[in-house]
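The values are calculated or read from the model by the stated rules, or taken from the named source; none is laboratory data. Everything numeric in this text was worked out from a predicted model, so none of it was measured. Glycine also receives a Cβ, built like all others from the backbone with ideal geometry; neighbour counts cover every protein chain displayed. Quick note on the areas: whole protein, heavy atoms, side chains included, nothing else; ligands and nucleic acids left out. Shrake-Rupley method; radii C 1.70, N 1.55, O 1.52, S 1.80 Å.
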Amino acid sequence: MLPLAPAAFYILLVLADGDKHGYAIMQETLKLSDGNFRMGPATLYTNVQRLLAADLIREVAAGSVETDGRRRFYRLSRLGRSALEQELERMRKVLRQAQKLSPALKLSH
Amino acid sequence: MIFALHLCWRAYDLTLRVYPRELREEFGCEMSHLFHHQTLEAWANGGWRALLPVLWCASTEFWTEGLLFRMRSPEVIAAASSLVCTWVAFTVLLWALANPLGVKAIGDRIWHLGGARTFREHGAKVGCADPGGLRP
């Protein structure tokens, strides 16, 4: 699945912090991207569906987290964590290459 | 305002039908619930100013996730192609019925142009202007 689509990347990134339901994923994504990446319900669940099919995330029981019963919680799988790490590494490489190629851009480390 | 929100929710629930069936069946309720929650919170936080980006996001998704998916399905491609072909054929037929002289003129022109070019080229090759007097 690499490189990951932006929505899939943000979902994995948000879930790396712990189990979350759909609305929390959306809110966290908006916060992480400084309001630049707004995900609607369709984008969110299309990507959740793909990630579930690829075993990168899995659905978990709500457990002790307070919930209204309609919410479904998702957790990053081991495969998903590995995919996220690979994607982050790929991004770091791209950034390093960009820094080498164009010092005039003044990219910060 | 509640009426406007209800209208948005109703419209959103209707647009859910456009999304792929598997997605709708598995996540339809959650999508609807999430949209309700999102719009309510946006309205509570900043009124129209906060609500508009949410509505804009949902409407762009309708095109990018819903309709684009639909347009890729073979049924839609076949139906759209059939519709376009039928429309073209019907338009040409109507035009031909309304302009019989025009149709004849085009036919004659094609015949004369094709024939003249062929005979001229052939005549130039064999050194004769109109070989065999076949030119109409």
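Go through region A:1-13 and give me each residue that's among the hydrophobic types (A, V, I, L, M, F, W, C) and more than 15 Å from A:Thr43 (Cα to Cα).
Those that are among the hydrophobic types (A, V, I, L, M, F, W, C) and more than 15 Å from A:Thr43 (Cα to Cα): A:Met1, A:Leu2, A:Leu13.
Within region A:10-54, how many residues turn out to be open to solvent by less than 30 Å² (accessible area, probe 1.4 Å) and basic (Lys, Arg)?
Restricting attention to region A:10-54, the residues satisfying the condition of being open to solvent by less than 30 Å² (accessible area, probe 1.4 Å) are A:11-12, A:14-15, A:18, A:20-26, A:29, A:33, A:39-48, A:51.
Filter once more, keeping what is basic (Lys, Arg): A:20.
Number of matching residues: 1.
Looking only at region B:72-103, which residues are in a helix (DSSP H, G or I) and surrounded by 11 or more Cβ atoms within 10 Å (Cβ to Cβ)?
Keep residues of region B:72-103 that are in a helix (DSSP H, G or I), which gives B:72, B:74-98, B:100-103.
Answer for region B:72-103, where residues must be in a helix (DSSP H, G or I) and surrounded by 11 or more Cβ atoms within 10 Å (Cβ to Cβ): B:Val76, B:Ile77, B:Ala79, B:Ala80, B:Val92, B:Trp95, B:Ala96, B:Gly102, B:Val103.
Sort through B:Thr60, B:Thr86 and tell me the only one that's within 20 Å of A:Phe37 (Cα to Cα) and hydroxyl-bearing (Ser, Thr, Tyr). Explain how you work it out, then say what you get.
Working: B:Thr86 fails: within 20 Å of A:Phe37 (Cα to Cα).
Criteria check complete, one pass: B:Thr60.
State which residue pairs qualify: first residue more than 12 Å from every other protein chain (Cβ to nearest Cβ) and inside region B:47-73, second residue open to solvent by 50 Å² or more (accessible area, probe 1.4 Å) in any location, beta carbons under 7 Å apart, and separation of 6 or more residues or different chains.
The qualifying pairs are B:Leu51/B:Trp43; B:Arg70/B:Val76.
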